[in-house]
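Take a look at the structure set out below.
Quick note: the coordinates plus some simple rules give every number you see, no bench work behind them. If you're wondering where the values come from, they're calculated on a predicted model, not measured in any experiment. When we count neighbours, we look across all protein chains shown, and the Cβ atoms used for this are built from the backbone with ideal geometry, even at glycine.
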């Protein structure tokens, strides 16, 4: 336990030993901040005895003949006397505060007062000053000499290239890359090659997305899926394109306000949409508008200013000069967001930006034009057709067999569709397994219940004689459902497991009929049933139909109703019957042009009724003519779009129009989108929420920045400050925070720990910088470089400090356990993503496709299910298959209320809030996962097969190849011996158990290549599993 | 939390692992297969942080039974016979008092009073009134302290669930189980300190969600997060070897792994390597200890019968209840059972019957079982939801059916064991169970009480977060409820 002491001395009070003059910020402020400021600091409301010790004025000012601190005079300094008193009642800090000064802290305070008790403004609020001619290595070396330390030797080349590759790409080097470096490629050339890799942007993005709290679900209550992955992909792209960090900042805070903002600039504003949102029934809008703005303002302060602004939400900051009013002035920049308080549980909560590629845009425009042309042509063809309503014919025409399409490539005109996901129905064009009709199929995919409810307001069905309803279905062999069903008029017909629907609350059914087993997976099958078996009567109206599935994935196609129909009773043949039926419906059908909608919804009997007696003949004639005109317009609408086509020409043109409609829909649907930030036209009045309570409003505030910082420059001094003003202020040369905070975060990324360890908190409660001048120097040079991120990263990895070997002697370890002084190379456990990606990479399984919707890789059963809301569209985890399983972890679907275990187990944050620094734990759960998780064990198998195939003939060359593939170096003699013995042992165990060997190599969905006997592959799999579990493997050494 | 403590703590843990790591190299790995190798009784893998407990603790372990969705206090513990006369009459505005309502009922034309449909009777020496829904729990009223005036800040599920477990309405803070395992460590070397069970439920209405943040460590180190003990798949994630990998294969692999990691340690000198060696050994021990833990066949038939017919069904509340006992017997510090399905906006009588059917007998059995084994005195049991429900009916009210909306103003929780004074009642609600009449108990007071029973001064267990000394019970002054402490 005593071993911990040296480091604290080292950083806080080492100057005591060096007998230097104390620095207030480095040596004294942390002590006062921890022990005194809560009652004698910045927060005026909590200040005791009107004494403040955070400023010289407060500390020197005498009151009641007592001077709190008299520079150079311990005896007259009341504060000091209260610290050393033995009187319990007078003692400071008071006993009840549970704070206590250590002897070392007391010594420091004593010396500080003796030396003159000089104050400094908190270091982080002063503009950084660059020392000329400073280099990183020289600055580190200078500090090391104080403790008689020096840099360690350079690490060997294999260690270096692996360290660089992980730092810059999140992946290990390939053997070819290692060989090239060993054969003489310079270190700089090696660094440059990784800088050019698209993996660079992915690795940098991984860190930034923690800051931005990016995830794939809304986060609260239902925690439904949201679509923001375009933002994630933009971050990757921005780092790869080396977008200067000042622009990177500006775009995210206010890209939408830039002149002629590009889609990328607007996408970047998603930064302020990444906060968690709700749509919980009964939730109160004002409360959530407030919470969202608090989150956005707090994220801003921690990401760019490293200040814990959230505290000032409720009270003046106790330790830092941030008043509640100032916090709410930052909050005011976000309080007028145009996004709704309730996210509606949909993926595309507005403001939402569609992001077509130029091809997609052109396709869409063409499709829109084609659709309108097709409609014109259809309308022209029906304009002149003569029409006799069959209902008026005597005798009534005979019944004939007719097949009506309920849906094929689209739903019937004027239908309203409700999908359980709350998002638009999922159509897939030209699936690999083909369609039954047209070129689209309707897809259902969900862990449990999924349905599309089709309400045919414009084309209600009438059950014919001898009716039959049919639908084609194809279930996915990898993910078969438990039940398929159709519901109409409160009756259900289903195929599949009889008890799958038990206990579920899908509404009461009048009748339920089991129509048979599920169709054979992977084969298009026609499911059909007789509606009469559901106790439905011939001639009854069916206004809606739902297509349902429980579990798995299904494609549906061509749903029809067949039967003997009399035209006189057919809504799609008799205009008068149809009009009456639709106008008496409760719902106004969509897709009806406005001019005829009113007519349509008026009872035809009323539309024809004679006008009031009081009107004169002329008026009556005029209104009769108008009624006739309206009726004619409706009839033409009916003939063109609704009724059975009157002739072949119309049939052809109707089909052409429907296809054009589908093409337009498909073109539109194919365009992804992303949630973006935008302001309301008229900003909301913004008030301080007293004690953080939205119901208790205080003074009104205007957007602004804290007074301790340089003033905000408004583009229009007369106007309200904008987010663009705020963004420009953040990256203005005189702003002391952003550059420092940013270089520190990159330092943390590269060296494993920041120069300021508390990278999220540069305030007085955070730790001071271990190398203040170096941090300043880096901040200034970063600004001068044009905020060049790639140059900064290169500068860091090119240092002698980074290139050192990482082994540590016990005395250095006890002196500097966290390696703050960098007298050895950085050695840190890999991040969650890197650990999984490494296994996928060395095994050759990895799929390096970039971007797109989050993928659902392997996940143990029952991660989402026990927590998800019954009706959430992320309650049931439906795993992807095939190459999607092996995508980089950055693209894994992240559900906030139940994140993937491979992420959370290794300390990846759940992204419910901004995270500036991950911790690195070391737990048995991690060991279990690395040994047994299907993705790791499958990777071990795939790696074993590579070893057998590519690793040469002899066991020793194979072992060397395996070891080098994973660790970039050859095993030493001891390691070779241990591995050979281990291999022999596994062979012995599997020799007698072929069955076990065969099972072992079948873990995962990729199939073994069978290039060796199962026992051999299994033995090597265990050895690969062993190597992938080595401490050195999961560590950047 | 003082950074020096944290640093010391890490150091302590590292030293411990360091010792065992060195022994590993010296004696060979086979010795580590049994847990006895961690020989010395004080050699705990998860020791408490220095200075804890702050004072002698009554409770060594905590079982928190969380009824998620907000159980109705009016139909379980808060007996209001006078309400029968108020059937279908409007709740007087003076009682409603203009308090905020959820968006689900704020636009209701009327607020008709719905008296409980269930009969209440007096039980135990203390003569407490208990609903007929809870016949088994009712037998234990003399061991139970009932708090009738619990109140919370949030009115909707997500923030209220977050609040009841972390003391905050917004995500990011540490859960109570994480605080306790962080502060007190664990008695067990081969089971997690904090275990979470999420059993199935029977109510028919859509169940509210749970959130992993309810057992997450928030700003505390990740190892203090609750570990889910699962009913489907591996009981503990990734516990089982892949198909075709026998314990012998695994042991052989681990032997070499430890040797090679020890070899790495010689090269790098990084204490994290020693920690990792120990964690792999603990993982291996868990592969034995967890299956043993979940094997209910070791229980006597009499014990199993006591928990009711569902006890052998994996994932039932009954199975969770008996597992909770088995966990704390084996040294786990905190067990949290989160039972969903208590959000009864409509059709309350039928659904609450089903929910009580899931839970009542197992809870009664758990109390009996712990008592018989002499564990009740050292085990604190907590029962409650994230808020209560309104006296007025949401939606239609009839003689046989009603629903109730969320009610954060007053609701009931109970505690038993762990130094709690049985048979006591704290606080009274008004005649409508709509407001607190006497002795309010904020959820922060409840949490302060839980910590107190565990030997923790809730004001002194803090951790640096966002520039503050964060603690479970928030910044306002909170107190353990002395009246219910024995």
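With respect to chain A, whose longest principal axis is taken over its alpha-carbon atoms, helix A:738-751 is tilted by about 80°. Diagonalising the gyration tensor over the Cα atoms of chain B and scaling each eigenvalue by 5 before taking the square root yields semi-axes of 43, 24, 20 Å, largest first. Residue order for A:948, A:266, A:1023, A:84, fewest other beta carbons within 10 angstrom first, comes to A:84, A:948, A:266, A:1023. Spin-label model, residue A:587 to residue A:174: label points 7 Å out along the Cα-to-beta-carbon direction sit 5.5 nm apart.
Fewest neighbouring Cβ atoms within 10 Å first, the residues B:406, A:315 line up as A:315, B:406.
Residue by residue along B:462-474, Cβ atoms of other protein chains within 10 Å of the local Cβ number 4 on average.
Between residue B:353 and residue A:23, the simple label model (points 7 Å from Cα in the Cβ direction) yields a spacing of 7.4 nm. Remark: spin-label model distance residue A:405-residue B:400 equals 5.0 nm, labels positioned 7 Å along the Cα→Cβ axis. Is the C-alpha gyration tensor of the stretch B:343-486 telling us rounded, prolate or oblate? Criteria: a/c under 1.5 is rounded; beyond that, a/b larger than b/c is prolate, otherwise oblate. Verdict is oblate for the stretch B:343-486.
Extents of the stretch B:36-155, taken as max minus min of Cα coordinates on every principal axis and listed largest first, are 69, 37, 25 Å. Where the alpha-carbon atoms of the stretch A:113-233 are placed on the principal axes, they occupy 62, 54, 24 Å, in descending order. Entry note, the stretch A:547-676: relative contact order of 20 percent, from Cα contacts under 8 Å with a spacing of 6+ residues. Looking at the protein assembly as shown, the DSSP beta bridges with both ends there are about 75 percent antiparallel.
Ellipticity at 222 nm from helices only: DSSP H runs of n ≥ 4 in the protein assembly as shown, each -39500 (n - 2.57), divided by the residue count, give -11000 deg cm²/dmol. Sorting A:770-782, A:62-74 by average packing, meaning the other beta carbons within 10 Å per residue, from highest down gives A:770-782, A:62-74.
Compared with the rule-of-thumb size 2.2 N^0.38 Å for a compact globular protein, chain A has a Cα radius of gyration ratio of 1.16.
A Förster radius of 60 Å, combined with the Cβ-Cβ distance separating residue A:394 from residue A:264, puts the computed FRET efficiency at roughly 0.30.
With Cα atoms as the point set, the stretch A:742-825 shows a radius of gyration and Dmax of 13.4, 42 Å. Relative to the first principal axis of the alpha-carbon coordinates of chain B, what is the inclination of helix B:443-453, with its axis defined by its Cα atoms, in degrees from 0 to 90 and to the nearest 10? The two axes meet at around 50 degrees.
As an equivalent ellipsoid, the stretch A:932-1036 spans semi-axes of 20, 16, 13 angstrom, where each value is the square root of five times an eigenvalue of the C-alpha gyration tensor, largest first. Across the stretch A:154-196, the fraction of Cα-Cα pairs farther apart than 16 Å, rounded to a whole number, is 20%.
Per residue of peptide B:169-179, the mean number of Cβ atoms on other chains within 10 Å of the residue Cβ is 3.
Ranking of A:931, A:204, B:451 by neighbouring Cβ atoms within 10 Å, starting from the fewest: A:204, A:931, B:451. Relative to the dominant Cα principal axis of chain A, helix A:772-784 is inclined by about 40°. Taking the inverse of the mean 1/r over every pair of distinct Cα atoms in the stretch A:18-82 gives a Kirkwood hydrodynamic radius of 12.5 Å. Peptide packing: for A:424-436, B:273-285, the average count of neighbouring Cβ atoms within 10 Å per residue gives the ranking B:273-285, A:424-436, highest mean first. Taken over the stretch A:940-990, the convex hull of the Cα atoms encloses 75 Å³ per residue. May I ask for the distance between the Cα centers of the stretch B:118-145 and the stretch A:904-941, given as a whole number of Å? Using only Cα atoms to place each centre, the spacing works out to 46 Å. Subtracting the Cα-Cα distance of residue A:91 and residue A:359 from 0.36 nm times their residue separation leaves 89.0 nm of extension gain.
Peptide B:365-377 has a mean shielding of 0, counted as Cβ atoms of other protein chains within 10 Å of each residue's Cβ. Here the stretch A:392-574 yields Rg over Rh of 0.97, to two decimals, using C-alpha coordinates and the Kirkwood radius. The distance from the alpha carbon centre of the stretch A:966-1033 to that of the stretch A:830-901 is 26 Å, rounded to a whole number. Put simply, when A:975-985, A:381-391 are sorted by average Cβ atoms within 10 angstrom per residue, most first, you get A:975-985, A:381-391.
Compared with the alpha-carbon gap, the fully stretched path from residue A:606 to residue A:64 is longer by 185.8 nm at 0.36 nm per residue.
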